[in-house]
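Below: one structure, written as structure tokens.
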Amino acid sequence: MSLAEVETQKGFIDVRDMGVTFGANDNKVIAVDNVSLNVQPGEFVSLIGPSGCGKSTLLSIVAGFVQPTHGKATLDGKAITKPGSDRGVVFQQYSLFPWLSVRKNVEFGLKMAGVDQSKRNVTARSLLDLAGLLSFENHYPDQLSGGMKQRIGIVRALATSPQVLLMDEPFGALDTQTRVVMQEILTNIWQQFKISVLFITHDIEESIFLSDRIYVMTARPGRIKAEIKVPLPRPRRAEMTDTPEFMNLVQELKGLIREESLAAMGPELKDRGLSGFGMKVGPKGVGEIF
Amino acid sequence: MMGTTASAKIIAIPIMEKPPEPATSVVTEVPAQAPPATSDLPAPEPEPIPTVSLREVFQGLLAKFTRDRLITALLGGMSIAALFLFWYFGTKYRLEFYIRFKNVPTPNEVFQQLTQVGLSNKYLVNIAISVRRILTGFFIAMLIGVPLGLAIGKYPRVRDFFMPVMEILRPIPAIAWVPMSIMLWPNNEAAIVFITFIGAFFPILLNTIHGVHSLDQVLVRAARCLGASELRLFVNVILPGSLPHIFTGLAVGMGVAWVSLIAAEMISGQFGVGYFTWEAYSLVDYPAIVLGMITIGVLGLACSGIIRMVGILLMPWLAFAPGGKR
């Protein structure tokens, strides 16, 4: 299964001076402002920031759904203009086709590419085996749990052998337990496929656990605030989240994000902080309540 | 200490997600002594797969169904029996309380009528002709309504062009088309089929449009990412995704088609169940009126039943859809 040691590594995402503006005149909203970032071949890069900072917009551009107002995005030197099977995308919402069986869902991209039935079948089954869901190949998506659906979403995106995998908060809808397991599964799959990943999240621990590099975005308009390398060794294990190195990174990122989360809630809150509003920890006595 | 407990905790999490099967499914294989992963790289874990005993699932379903079905059948039988009893006693005692049962034929008279006329050639020919008209009008409506609805739903420009005309024509009931239809078409048969078509067309069209609009856009995006071209997107995503709404449209359309057909046959027809019923009224043959009515009811029921069955066969996934579309 392993596609190890690919000589000419592909999957280089380059985003240059990207700006995205929605609406016009009075309703104009700058979603993303002057962002440059890149993902090296085979690298796992996370994009983290407060909600509404335009990180999903950035991913939509790389996926080819949205055209940037200025700047450009390229994959291996070629400009990205429309969606294509060279970029696998995993969405936050479950996006399996409910009318297709699990296996047919995984086969979908290959079918679109004109691969014949028997080859599709073999590829889909080996991918389902990788996801640990081969015994569910004939089930319908509505019969599966959220974690299962998302695992199938990941291998479906990998079926057409894309150069990069774009993931938009793929585990956002899962419970904490499932999430931890899914993160480990994802690192395994990523190491086997040696594929570039651009991963959107607002979960700090998740981004550190998974990534080689993390871009922190500011509140709207979204800019790159910081770029952090994650020096933790690979393969990553769940136990690593208790090491001091991990904790330090969490603290560092928390500091960076908190400022932006406050800013995202309004300029007054950023200037004064929560205490600036006279918020107290709790009433000292009955007299203070009335 | 902290570290070890944490790691132990994490290792012990079994990757096991039960599919939401009925409670009767038996999940075996709980990893009692999950071996602590010693290798550096946790290879794709041999997951404990919930094994479901098929027999037990079926037994459970069967038990549930028979019980459910029994009650359903019982209530259904009771409602039909109540109608029948009302008719029976109404005609037996010739009830007169604003509505008058004076001239209404008794169930027995209608039954006699059925045995006399029921198997006659004339009666069966009338049924055959009505069915042929329905099927022709309905299938033409489906063949035009579904593709047009998909196109209108998908492309705003197509919508801009077609919808104004549709919105003007839609409120005109099919019966109001009868005079125009007789003028328009070369023969009576074509005119009646056209009226049937009009009745079926708009419910099919509008529900198809609605089906496209209510399709989750993330599915369209996912298909595009997987390399679907425009045509393949239609065939592989938009059509199957809209299918539940299309079938709603077909069922409603079939009902309206019958209403339109019977009205058209009564006004302008020769032959057909509607004509049979109206002719019976002209000839003061009261039992035949009721026989005609019952025939129309049974035919309508059969037609919508067939549509529902085809729907179940074509859309097996709906059995598992949240909210139970069925």
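Just so you know, all these numbers are worked out from the coordinates, no wet-lab data involved. Treat the numbers as computed from the prediction; the structure is a model and nothing was measured. Here Cβ is always computed from backbone atoms with ideal geometry, including for glycine, and neighbour counts include all displayed protein chains.
When restricted to Cα atoms, the stretch A:155-217 yields an Rg and a Dmax of 11.5, 31 Å, respectively. With coordinates expressed along the principal axes, the C-alpha atoms belonging to the stretch A:87-161 extend over 30, 26, 23 Å, beginning with the largest. Site pair residue A:34 and residue A:173 shows an inter-label distance of 3.8 nm when each label is modelled 7 Å from Cα along Cα→Cβ. Ranked by the mean number of other Cβ atoms within 10 Å of their residues, highest first, the peptides A:43-50, A:117-124, B:233-240, A:24-31 fall in the order A:43-50, B:233-240, A:117-124, A:24-31.
Calculate the dipole size of the stretch A:5-75 relative to its Cα centre from +1 charges on Lys and Arg beta carbons and -1 charges on Asp and Glu beta carbons; express the result in debye to the nearest 20.
The dipole magnitude comes to about 220 debye.
First measure r as the distance between the Cβ atoms of residue A:254 and residue A:82, then evaluate 1/(1 + (r/R0)^6) with R0 = 51 Å and state the FRET efficiency to the nearest 0.05. Approximately 0.85, to the nearest 0.05.
Tell me, B:317, A:99, B:185 in order of fewest to most beta-carbon neighbours within 10 Å?
B:185, B:317, A:99
Counting Cβ atoms of other protein chains within 10 Å of each residue's Cβ and taking the mean over peptide A:235-242 gives 5. For residue B:168 and residue B:188, a Förster radius of 30 Å and the Cβ-Cβ distance give a FRET efficiency of 0.65, rounded to the nearest 0.05. Within chain A, the proportion of Cα pairs with more than 26 Å between them is 49 percent. Under the convention that each Lys and Arg Cβ holds +1 and each Asp and Glu Cβ holds -1, the size of the dipole of the stretch A:87-161 around its Cα centre is about 140 debye.
Once backbone amide H atoms are built at 1.01 Å from N, residue B:53 has B:26 as its partners under 5 Å, excluding neighbours fewer than 5 places away on the same chain.
Between the C-alpha center of the stretch A:123-168 and that of the stretch B:259-326 there is a gap of 46 Å.
In summary, the stretch A:1-153 shows an alpha-carbon radius of gyration equal to 1.23 times the 2.2 N^0.38 Å reference for compact globular proteins.
Fewest-first ordering of A:20, B:220, B:57, A:35 by other beta carbons within 10 Å of each residue's beta carbon gives B:57, B:220, A:20, A:35. Could you tell me how far the Cα centroid of the stretch A:55-82 sits from the Cα centroid of the stretch B:127-187, in Å? The stretch B:127-187 and the stretch A:55-82 have Cα centres separated by 44 Å. A straight line joining the Cα centroids of the stretch A:232-265 and the stretch A:17-46 runs 23 Å.
May I ask for the equivalent-ellipsoid semi-axes of the stretch B:68-115, computed as the square root of five times each C-alpha gyration tensor eigenvalue and listed largest first in whole Å?
Each semi-axis is √(5λ); the values are 26, 15, 6 Å.
Amide H to amide H distances under 5 Å link residue A:36 with A:17, A:18, A:224, where only residues 5 or more positions off or on other chains count and H is placed in the peptide plane. Remark: the stretch B:90-101, residue by residue, has Karplus-estimated 3J(HN,Hα) of x, 7, 5, 9, 6, 4, 9, 9, 6, 7, 10, 8 Hz, where x stands for each Gly or Pro and the curve is 6.51 cos²θ - 1.76 cosθ + 1.60 at θ = phi - 60°. Counts of other chain beta carbons within 10 angstrom of each beta carbon in peptide A:64-73 average 1. Among the listed pairs A:10/A:194; A:28/A:78; A:225/A:254; A:194/A:254, those whose Cα-Cα separation exceeds 18 Å are A:28/A:78; A:194/A:254. Using the Karplus relation 6.51 cos²θ - 1.76 cosθ + 1.60 with θ = phi - 60°, the per-residue 3J(HN,Hα) values for the stretch B:266-281 come to 5, 7, 10, x, 10, 6, x, 5, x, 5, 4, 5, 5, 4, 4, 5 Hz, with x marking Gly and Pro.
Protection proxy ranking, highest mean first, for peptides B:108-116, A:186-194, A:146-154: A:146-154, A:186-194, B:108-116, where packing is the per-residue count of other beta-carbon atoms within 10 Å, averaged. Karplus-derived 3J(HN,Hα) values for the stretch A:189-199, using 6.51 cos²θ - 1.76 cosθ + 1.60 with θ = phi - 60°, are 4, 4, 5, 5, 8, 6, 10, 6, 10, 10, 10 Hz; glycine and proline are entered as x.
Relative contact order for chain A: what is it in percent, counting Cα pairs under 8 Å that are at least 6 residues apart?
Averaging sequence separation for qualifying contacts and normalising by length gives 24 percent for chain A.
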